Amino acid sequence: ALEHANKLLCPELDPGSTVACLYAILEPVTGSLKYANAGFTTPLHVRNGVALALLGAEAPLGQTLDTDFQEHQIGLQPGDCVVFYTRGLVEARKAEDVTFGMDRLKVVLASGPTRAGALTHNVREELLAFVGDSWGHEDDVTVFALERELEQQPVAWPALPALYLIHISEPPRP
């Protein structure tokens, strides 16, 4: 799917522009999560107090026609979360020019409750405490978590749930 999108985008994008895209498909009964990442930030898999980066960040869409995008798969156990975020989160800066960073994000995710709502709330609170009142947004900040429920619920839809994240980046204008 990403190869097809890439072939459509390459001739259409302005030089220097790219499109970051991540797609993920969760099979809720088995917990199988298939995903491919074209230039998006690396999602984090949170399980039992440990936050690990998912494999497979490829180049963004629109750079070259022959990019090979790999699909990856992990198994989510009940209670696991996968946290998706934009780069504005890890690149958020304090007045002293220190970034929030990936290490801090992993610590926040690993040190608190593991439910999706609590994870995203804790990240937000830690980010706001970190940047303080002087924070000037340099980039968008988006965080959300996909959680495999502790108890299996009956599946009421015929198709698998899918997630698509897309970010379009253009070169700075003079």
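Structural remarks
- Residues of the stretch 24-44 that turn out to be under 20 Å from LEU119 (Cβ atoms) and touching a residue at least 40 places away in the same chain (Cβ under 8 Å), as a count: 9
- Tally, over the stretch 14-44, of residues that are touching a strand residue (DSSP E or B) at 6+ places or on another chain (Cβ under 7 Å) and either crowded, with 19+ Cβ neighbours inside 10 Å or in a loop (DSSP other than H, G, I, E, B) (or both): 21
- Selection count, the stretch 45-81, where residues are in contact (Cβ under 8 Å) with a residue 24 or more places away in the chain, more than 19 Å from GLU27 (Cβ to Cβ), open to solvent by 70 Å² or more (accessible area, probe 1.4 Å) and charged (D, E, K, R): 1
- Residues in the stretch 70-81 that are at pLDDT below 95 and in contact with a Ser or Thr (Cβ under 7 Å, 6 or more places away or on another chain) were compared, and the one that is farthest from ALA5 (Cα to Cα) is GLY79.
- Filter pass, PHE84 being crowded, with 20+ Cβ neighbours inside 10 Å, modelled with pLDDT of 90 or more, not acidic (Asp, Glu) and not in a loop (DSSP other than H, G, I, E, B): yes
- Identity of the residue in the stretch 112-131, more than 17 Å from VAL90 (Cβ to Cβ) and small (Gly, Ala, Ser), that ends up nearest to the chain's Cα centre (by Cα): ALA116
- Unique residue being under 26 Å from GLU126 (Cα atoms) and under 12 Å from the mean Cα position of the chain (by Cα) when the list is GLY88, GLY79, GLY49: GLY88
- Check on ASP133, open to solvent by 80 Å² or more (accessible area, probe 1.4 Å) and assigned to a loop (DSSP other than H, G, I, E, B): no
- Out of ARG93, ARG148, sole residue that is open to solvent by less than 40 Å² (accessible area, probe 1.4 Å), touching a Gly at 6+ places or on another chain (Cβ under 9 Å) and modelled with pLDDT of 80 or more: ARG148
- Residues satisfying the stated conditions in the stretch 102-121, i.e. outside any loop (DSSP other than H, G, I, E, B), open to solvent by less than 30 Å² (accessible area, probe 1.4 Å) and more than 18 Å from LEU76 (Cβ to Cβ): LEU105, VAL108
The values are calculated or read from the model by the stated rules, or taken from the named source; none is laboratory data. Being a predicted model, the structure only gives us computed values, none of them experimental. Note that we place each Cβ from the backbone using ideal geometry, even for glycine, and neighbour counts take in every protein chain shown. Side chains included, ligands, DNA and RNA excluded: accessible areas come from the protein's heavy atoms. Shrake-Rupley method; radii C 1.70, N 1.55, O 1.52, S 1.80 Å.
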